[in-house]
Each structure stands twice: as structure tokens, then as C-alpha cells.
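What follows is one structure encoded as C-alpha cells, with my remarks underneath.
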Amino acid sequence: MTAGWSDAGAGRDEGWADGSFDATARIVDAGSDTDERQVEAALRPKRLEDFPGQTRVREQLGLVLKAARRRGTPPDHVLLSGPPGLGKTTLAMIVASELEQPIRITSGPAIQHAGDLASVLSSLAEGEVLFLDEIHRMSRSAEEMLYLAMEDFRVDVIIGKGPGATAIPLELPPFTVVGATTRAGLLPAPLRDRFGFTGHLDYYAAADLVTILHRSARLLGLEADEDGIAEIALRSRGTPRIANRLLRRVRDWAQVHGEDRVTHIAARRALELFDVDERGLDRLDRAVLEALCRRFNGGPVGLSTLAVAVGEEPDTVETVAEPYLVREGFMIRTPRGRAASGLAWEHLGLTPPLDAQSMWSATLPIDDAGGGRFEG
């Protein structure tokens, strides 16, 4: 980060009155935060060239930023989408760092009224980056104000009420909005269309996670064996945030047990202690699979019933456990409910009943007459 960021954040530890804050206060003044947040901040890459993985998005975003710097103008607004923990916030901070501009951070849930957004926008400086996390959760009135601000760099401030109300246009300096969302489908089309660049972040390959973990271990001053790093990467669900968290837990285990480095044995024992198995499944994931297989004969079973069986809310099962289980082929979503795949039975060391085996058996003829068809 540039020195300008530190100057911009001076005296702003408590943030702005509108609820937003400068990233400088979040990073530089980390003494008031927990140790976990300090570590997470320190592990974030500061430049685009240091950002591992996401090659296509990185190259596209780098082109947009380089062209904007050559023109001497703020770049187009940027929308980043993808599952949690893949680096959307980090990329937003990198955008500001590459442009050598301060960044203002707020979130959709914090902007529930148009006045909240107007307060944020009216205090932006020219070229500043406004990061809106979970942008799909903004209120409708704030979204409509954001349309005008992003396109024409102005907002209309309403003075008074009823027939005597007056709209006063307020001109804004050029700025860049970086929006982040885990559910791009919930964004209204008029808002999506105002972003000049849209990047979708995918889950990381194990090789990219190994690179991230080596860098994190170096920044933490931690010696690590290649096998230990690889073991953590394989159990990180393709997510850097999870990988860095598991690395810190393995470090804790190694230090408590008198080891001075992350080894393969240390990684396996630490992750077993924290209920992370060799496929990256945690306690909730395995509870869902065991409920499906042991209590409901493999399913299908409704989401609400499944949630009651594992003692969680339906939203927790649907948003936390289900995406990874479906992506890895452990769970199948059907019109009748959730069902366990053959891989789930195998992972739990169970034998599926005959009716469950036939239910999902598929025959794919390779003759000219037929296409794939499901039987059973």
C-alpha cells in the first residue's frame, strides 16, 4: 500500500459517520483488532502480480487498470462475483493499490436507505475506490441512487416532503465502484449493466493453493515441508481463506507439540483434531451425509427435514454445506429433495441399499439411435 493510504486513514479509526471506513484504518491501525484479523490482513497480496490463481480474471483486470493509468482517468466500475473466501475483497484492495488511490469500504446490508449511500458518495474524493461488499443486499432505493451515481457521477438529494419536495442535483467527482457479491443472480439487470468489467472467481486448483500456502508460511515466519503444505491444500476446499486458516491451526498444533515446522504428520494430526477429513469435509458436511445415508436411506429428503436431522437451520445447510457437497459429487439435488450419491456412501464406508443403487444408475448407449437415459 502506498503512503497516501496511511495519510488518508489517519484519525479515522472509528470510520465515517455513514458507516463506511477507509481500508487504511482497517490495515494500518490493526492493533485494536484481534490477532486473527491482523494475520489475515498481513497475508493479503498488495499487488496484482502477487495475486495467485484466477489467471483469466487477473489478466483481464490488469489490462483494465493499466489502460486507465495510461489515460489518467478512473477505470470502469468493477463487479467481482464468486463463492466466499476466493479473494474478492483482496482484489478490491489491489485495485486501489494499483491505482495508488484510497479505498472506502462499506457493505450492502449497511446501506438500507438512499440517504446512507448519499452520505458515502458525497464524501468521495476524485479517483477514490468505493468497495461495496455483498452489493446484492442493498435496498432498492439505494440501488436506484447508485445507478445515477455510477453513470453520470451525480446524485439527486431530495429536500422536503410531499408536493413541496425539491430535488437538488449534487455533482460527484469521478470515482470507481468495486462491487462484490456471492449471488450475482440477485443483482438487478440495470445495476449489472453499469459495471464495465465483470469477473467471476472460481475455486482454486490444489497447485495454486500450494503457492498461496508457501507464501503465507513465509510471511508467518513458519518453516513448512512440501508434503505438509500439500496435505493442507488438498483439504482446503479450493478456497484460500480456508487454506490460510488451516495453516494457522496446523502451526498451533506444531508449536504446542514441540515441533518447529509444518510436516505431513503435523498437518494430518492437526486437521484430524479439527474434524477436517482428507476430502476437506468438516463436521457439518459429514453430519449431512450421515443423516442422508443412515437415517433416510440415501434420500431424497426435503431440506427442512434434513436441517432438523443435523440440528441446523435450513439456510445454513443450503449455503454452507450443500454447495461443496454438490460440487464434489457427494450430494444430488432433485425435485423431490436431497439425495446421497454413491460417492457419499463410499466416503462414509457404508454399503448403499439396492434401491438406492438402482435409483441413480445411468445407462449411456453409444449407438446412433439413443442418447443418455436414466433407468431405475
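The values are calculated or read from the model by the stated rules, or taken from the named source; none is laboratory data. Quantities reported herein were computed from a predicted structural model and do not represent experimental measurements. Counting neighbours? That spans all protein chains shown, and the Cβs are built from the backbone with ideal geometry, glycine included.
The table for this structure:
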item	result
Lone qualifier among E290, E322 - being surrounded by 15 or more Cβ atoms within 10 Å (Cβ to Cβ), in contact with a strand residue (DSSP E or B) (Cβ under 8 Å, 6 or more places away or on another chain) and either assigned by TED's automatic domain parsing to the domain that holds G82 or of a type in the set (D, E) (or both)	E322
Flag for S97 being farther than 17 Å from L187 by Cβ and hydroxyl-bearing (S, T, Y)	yes
Qualifying residues in region 159-182 (those that are touching a helix residue (DSSP H, G or I) at 6+ places or on another chain (Cβ under 8 Å) and at pLDDT below 85) - the one surrounded by the most Cβ atoms within 10 Å (Cβ to Cβ)	L172
Test for L289: is it within 21 Å of L271 (Cβ to Cβ) and at pLDDT below 85	no
Residues satisfying the stated conditions in region 325-339, i.e. assigned to a helix (DSSP H, G or I), without any contact (Cβ under 8 Å) to a residue 12 or more places away in the chain and surrounded by fewer than 14 Cβ atoms within 10 Å (Cβ to Cβ)	none
Count of residues meeting criterion [closer than 27 Å to E151 by Cβ and among the hydrophobic types (A, V, I, L, M, F, W, C)] in region 38-79	10
A217 being hydrophobic (A, V, I, L, M, F, W, C), at pLDDT below 90, over 23 Å from the mean Cα position of the chain (by Cα) and in a helix (DSSP H, G or I)	no
Residues satisfying the stated conditions in region 107-117, i.e. closer than 22 Å to P74 by Cα and surrounded by fewer than 22 Cβ atoms within 10 Å (Cβ to Cβ)	S107
Any chance L246 is surrounded by 23 or more Cβ atoms within 10 Å (Cβ to Cβ) and either farther than 30 Å from T176 by Cβ or among the aliphatic types (A, V, I, L, M) (or both)	yes
Which numbered condition T90 fails, given (1) β-branched (V, I, T); (2) in a helix (DSSP H, G or I); (3) more than 30 Å from T239 (Cβ to Cβ)	(3)
